[in-house]
1. Scan the range 188-208 for residues that are surrounded by fewer than 18 Cβ atoms within 10 Å (Cβ to Cβ) and either at pLDDT 95 or above or farther than 14 Å from residue 100 by Cβ (or both) and jot them down.
2. Report, by residue number, each residue of the range 23-79 that is surrounded by 13 or more Cβ atoms within 10 Å (Cβ to Cβ) and in a loop (DSSP other than H, G, I, E, B).
3. Taking the residues in the range 80-105 that are modelled with pLDDT under 90 and within 12 Å of residue 202 (Cα to Cα) as candidates, determine which candidate is surrounded by the fewest Cβ atoms within 10 Å (Cβ to Cβ).
4. Does residue 77 satisfy the criteria of being under 25 Å from residue 144 (Cα atoms) and at pLDDT below 95?
5. For the range 136-163, what are the residues that are within 21 Å of residue 204 (Cβ to Cβ), more than 11 Å from the chain's Cα centre (by Cα) and outside any helix (DSSP H, G or I)?
6. Could you tell me whether the range 166-185 includes any residue that is in a strand (DSSP E or B), closer than 16 Å to residue 107 by Cβ and free of Cβ contacts under 8 Å to residues at least 40 places away in the same chain?
7. Could you grab the pairs with beta carbons closer than 6 Å, sequence gap of 6+ or different chains, first residue in the range 44-63 and farther than 11 Å from residue 4 by Cα, second one assigned to a strand (DSSP E or B)?
8. Among the residues that make up the range 140-149, is at least one of them surrounded by fewer than 20 Cβ atoms within 10 Å (Cβ to Cβ), outside the structural domain of residue 3 (by TED's automatic domain parsing) and under 26 Å from residue 5 (Cβ atoms)?
């Protein structure tokens with residue numbers, strides 16, 4: 001497996017002071033909205049937990065810092081260039097580190113009703129083989145994970161990432177970027193979480 005994944009329940013993470021650095025604690029305390037603070041904390045705990053096990057450092061010697069693009073990155077003693085990704089939704093947060101390959105992207109979504117107008121705006125018509133909320137939620141999570149893998153998030157048209165008959169296809173600007181990155185073999189794994197959540201992980205799988 002080319003990535004390490006950690007999923008946490010937001011009501012089961014330890015106090016912030018136990019695993020955040022001083023700089024992270026300042027950011028945490030600056031949040032005015034409790035929901036945003038809780039989600040941010042959960043993502044950092046998930047990511048730092050993986051990093052601590054990989055690098056054998058105490059979590060307080062590991063810092064999660066935003067890149068200029070807004071994507072998270074890891075700062076550890078001696079440096080770290082491994083790509084990372086964080087997501088959260090409802091009662092959960094998750095993080096992944098690409099231990100091999102060039103990138104990783106994770107997205108988590110709660111399964112809920114989706115309007116036809118939203119689906120038609122977000123997906124190409126050939127992608128919509130079902131209007132069931134569980135299908136549309138999973139499809140959206142997979143798209144967001146791939147866009148995070150590419151490092152662009154929702155700044156690109158979601159219709160440039162398509163899953164047709166389960167197969168990932170790139171179009172438009174996403175196709176150009178994918179080719180520029182060396183046409184990596186992007187695989188997307190999907191996990192079902194208790195409480196009705198879909199988690200998608202996009203990673204670079206080795207060519208067989």
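1. Hits for the range 188-208 are 189, 190, 191, 192, 194, 195, 196, 208.
2. 31, 57, 62, 71, 76
3. Ranking the candidates gives 102 first.
4. no
5. If the condition is that a residue be within 21 Å of residue 204 (Cβ to Cβ), more than 11 Å from the chain's Cα centre (by Cα) and outside any helix (DSSP H, G or I), then 152, 156, 161, 162, 163 are the ones that fit.
6. Yes, because at least one residue in the range 166-185 is in a strand (DSSP E or B), closer than 16 Å to residue 107 by Cβ and free of Cβ contacts under 8 Å to residues at least 40 places away in the same chain.
7. Pairs that qualify, where the first residue is farther than 11 Å from residue 4 by Cα and the partner is assigned to a strand (DSSP E or B), are 44/64; 45/8; 63/75.
8. No, every residue in the range 140-149 fails to be surrounded by fewer than 20 Cβ atoms within 10 Å (Cβ to Cβ), outside the structural domain of residue 3 (by TED's automatic domain parsing) and under 26 Å from residue 5 (Cβ atoms).
The values are calculated or read from the model by the stated rules, or taken from the named source; none is laboratory data. Only a predicted model underlies this, so the values are computations on that prediction, with no experimental measurement involved. In this analysis, Cβ positions are derived from the backbone assuming ideal geometry, glycine residues included, and neighbour counts consider all displayed protein chains.
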